[in-house]
Amino acid sequence: MKNVTGAPATLAALLVAVACLTPMTAQAPQTGATTATPQPSSFPAPTNLKVLPKDLTGQQVHDLMEKWGTGLGMSCAACHAVDKEKVGRDGRPLLNFASDSKPEKAVARLMYTMTEEINQKYIAKIDASGMPVTCGTCHRGRLGPESFAGAPAPATLPPPPPGEIPAPQ
């Protein structure tokens, strides 16, 4: 079989992208004919969706996981377990997206639920609130939320101008 330069790397990158932070999803290969509407992309239909809408397509889940991966600065393997029985064309193990064996996947589900609640209960009630809360709102491309330190408040009031008597406190 003729090897096209870059094809294994492209396939591996595609597989990693599909897996990226899919805490709520798992991807299973499609088998046989189906009566459902065909997927608009090459991404398999998601399975094991516990907090994401169950009608999402493989492409929609993939796009969402890419955003989460960027917002958290993490790879797919951060939440998805390695499938020791399946190997990709590049010889590397594939990820088992359906597995709930990694605790990070449960944390991601919880965090997704939290952001959805913030957006629906609070952000949506602010007129012209702009963009919703996302992983990147707090994490800014890091695993842990980015710390914030505001400008320090003045410790004391400035002294009164010369000749004025300060008001009693």
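Throughout, read-outs are computed from the coordinates displayed, never taken from laboratory work. None of the values given here were measured: they were computed from a predicted structure. Glycine also receives a Cβ, built like all others from the backbone with ideal geometry; neighbour counts cover every protein chain displayed.
FRET efficiency for Asp55 and Phe148, Cβ-Cβ distance as r, R0 = 45 Å, nearest 0.05? Efficiency for this residue pair is about 0.75. Remark: the Ser101-Thr156 segment gains 14.4 nm on full extension, using 0.36 nm per residue and subtracting the alpha carbon distance. If you take every residue apart from Met74 with its C-beta less than 15 Å away from the C-beta of Met74, what net charge results, scoring Lys and Arg +1 and Asp and Glu -1? Surrounding charge for Met74 is +3. Between Ser129 and Glu66, the C-beta separation translates, for a Förster distance of 22 Å, into a calculated FRET efficiency of about 0.35. Panel note: the C-alpha atoms of region 85-169, placed on their principal axes, show extents of 85, 32, 21 Å (largest first). Within region 71-113, all pairs of alpha-carbon atoms sorted by distance into 5 Å bins from zero give the percentages 5, 22, 26, 23, 13, 9, 3, 0.
The local environment of Leu94, defined by Cβ-Cβ distances under 13 Å, has a net charge of +1 under the rule Lys, Arg +1 and Asp, Glu -1. For Lys86, the aspartates and glutamates whose Cα falls under 18 Å of its own Cα, not counting residues fewer than eight places away in the same chain, are Asp100.
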